[in-house]
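The values are calculated or read from the model by the stated rules, or taken from the named source; none is laboratory data. Because the structure is a prediction, the values reported are computed rather than measured. Using ideal geometry, Cβ is built from the backbone for each residue, glycine included, and neighbour counts are taken over all protein chains shown.
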Amino acid sequence: METPWPPELGKGTTLISLSKTPRLIQKSAQLSLRISVTDRCQLRCSYCMPSEGVPKKKHSDILSFEEIVRFVQILKSGFGISKVHITGGEPLIRPGVVELIARLDHEGIADLALTTNGQKLAQMAGDLKRAGLHRVNISLDSLNDRTFRKLTGGGRLDLSVKGIEAAIDQGLTPVKINMVVLRDINDHEVTSLARFGLELGCRVRFLELMPIGCAKEMFDDLFVPAWEVRERLESCFNLKEITCQAGQSSRNFQASDRVGRKGIIGFISPTSQPFCQGCRKMRLRSTGQLISCLAKGCGPSIRNLLQNDRPTVTRTLLRLVAEEICRKRSDRRFHTLAPMVGVGG
């Protein structure tokens with residue numbers, strides 16, 4: 001008996017019921033999984049982390065590496081996984097994260113990535129590459145020392161730049177540089193950041209601010225739509241759109257300028273141009289909460305299930321995942337109350 005798969009996952013995709021276990025049978029509908037390994041971060045980016053930080057959790061409060069790997073194995077068996085993306089908080093401050101990368105690499109993930117603020121990347125890039133990490137995304141909201149320190153609550157720009165250079169040297173490519181564009185703070189830097197990234201051979205992506213958590217209060221004053229950033233860039237770059245796949249979060253353009261710089265520039269616009277259609281992303285919080293949509297920010301906790309050895313657990317988890325995919329956002333509103341750092345960045 002076949003049941004129609006939610007239309008958001010693409011025409012023609014179906015679920016087949018096998019012993020009451022939903023199983024994805026179309027390769028193109030494989031899931032992309034973002035895993036937060038910690039809510040902690042050494043920086044205090046104003047749109048992401050509350051100034052007072054987040055409540056301290058005991059080691060026993062967060063998912064173990066065994067539980068994370070088990071969930072990946074279960075998703076692979078029932079749905080297939082196209083990508084696993086490790087996030088935080090800042091994932092590089094989680095002890096043993098290199099070991100986790102090695103375990104996930106052993107699972108044969110086609111795209112194994114990690115997002116970092118870059119502060120510890122220079123010293124860890126080699127170990128991460130040897131463990132099996134494929135590529136990194138690096139947050140870089142300013143090339144101005146003073147602005148960078150203010151935005152990050154004391155971060156060091158030179159460490160993030162060294163992290164980018166180390167990632168390139170180690171072959172953690174394509175390196176993607178992410179900038180959250182904020183009005184009257186860093187929006188005047190978008191062309192210089194684009195040049196910086198393209199000169200290094202990195203992909204540069206400009207992200208819209210989202211009204212999530214502590215960013216809600218500042219949203220109206222600081223929000224810059226992606227179309228406005230694109231207009232600024234078009235004064236310096238020729239941008240030719242690259243056809244995107246359904247559910248792809250970044251709208252990418254082949255960029256070139258008058259002096260021969262070439263590369264890819266992307267825009268992530270969850271507010272002005274939501275990319276919900278075809279979205280196949282799932283998020284797993286460090287505490288074990290499953291989230292199908294960043295805008296909703298809610299979902300069931302699966303940690304107890306991951307700690308259970310009963311044979312029925314796999315079917316239960318796959319059913320929960322299928323149900324969460326069906327609950328993805330159907331409007332343009334953001335309902336997430338938790339800060340960005342608490343929902344996986």
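For the reader, a short list of remarks on this structure follows.
Here's the yes/no breakdown for (1) within 30 Å of Leu100 (Cα to Cα); (2) assigned to a loop (DSSP other than H, G, I, E, B); (3) not basic (Lys, Arg):
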| site | (1), (2), (3) |
| --- | --- |
| Gly154 | yes, yes, yes |
| Thr173 | yes, yes, yes |
| Phe206 | yes, no, yes |
| Pro211 | no, yes, yes |
| Asp220 | no, no, yes |
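- Residue satisfying all of: in segment 140-170; out of contact with any helix residue (DSSP H, G or I) (no Cβ under 8 Å at 6 or more places or on another chain) and touching a residue at least 60 places away in the same chain (Cβ under 8 Å); surrounded by the fewest Cβ atoms within 10 Å (Cβ to Cβ) among these: Gly154
- Residues in segment 172-199 that are surrounded by fewer than 17 Cβ atoms within 10 Å (Cβ to Cβ) and more than 20 Å from the chain's Cα centre (by Cα): Arg183, Asp184, Asp187, His188, Thr191, Ser192, Glu199.
- Extreme residue, farthest from the chain's Cα centre (by Cα), among residues of segment 260-294 that are within 15 Å of Arg327 (Cβ to Cβ), in contact (Cβ under 8 Å) with a residue 24 or more places away in the chain and not in a loop (DSSP other than H, G, I, E, B): Leu290
- Of all the residues in segment 32-91, those that are aromatic (Phe, Trp, Tyr) and within 30 Å of Glu217 (Cα to Cα) number 1.
- Of all residues in segment 68-100, those that are modelled with pLDDT under 95 and part of a loop (DSSP other than H, G, I, E, B) total 4.
- Residue selected from segment 200-229 under the condition closer than 25 Å to Lys162 by Cβ and of a type outside the set (Gly, Ala, Ser), by the criterion surrounded by the fewest Cβ atoms within 10 Å (Cβ to Cβ): Leu200
- None of Ser286, Ser272 is surrounded by 22 or more Cβ atoms within 10 Å (Cβ to Cβ) and of a type in the set (Ser, Thr, Tyr) except Ser286.
- Count of segment 81-97 residues, restricted to those that are buried (at least 17 other Cβ atoms within 10 Å of the Cβ) and more than 16 Å from the chain's Cα centre (by Cα), is 3.
- Among residues of segment 101-120 that are assigned to a strand (DSSP E or B), none has a Cβ under 7 angstrom from a residue that is aromatic (Phe, Trp, Tyr) at a sequence gap of 6+ or on a separate chain.
- Considering the conditions (1) free of Cβ contacts under 8 Å to residues at least 12 places away in the same chain; (2) under 30 Å from Lys150 (Cβ atoms), Lys58 is excluded by exactly one of them, (2).
- The residue list Leu114, Leu128, Leu75, Leu133 contains one member that is closer than 23 Å to Arg280 by Cα, out of contact with any Ser or Thr (no Cβ under 9 Å at 6 or more places or on another chain), of a type in the set (A, V, I, L, M, F, W, C) and buried (at least 24 other Cβ atoms within 10 Å of the Cβ), which is Leu133.
- Filter result for Gly126 (more than 30 Å from Thr191 (Cβ to Cβ), part of a loop (DSSP other than H, G, I, E, B) and over 17 Å from the mean Cα position of the chain (by Cα)): no
- Number of residues in segment 28-80 that are under 18 Å from the mean Cα position of the chain (by Cα), within 22 Å of Arg319 (Cα to Cα) and hydroxyl-bearing (Ser, Thr, Tyr) equals 2.
- Selection from segment 240-259 of residues that are part of a loop (DSSP other than H, G, I, E, B) and within 18 Å of Val190 (Cα to Cα): Asp257, Arg258, Val259
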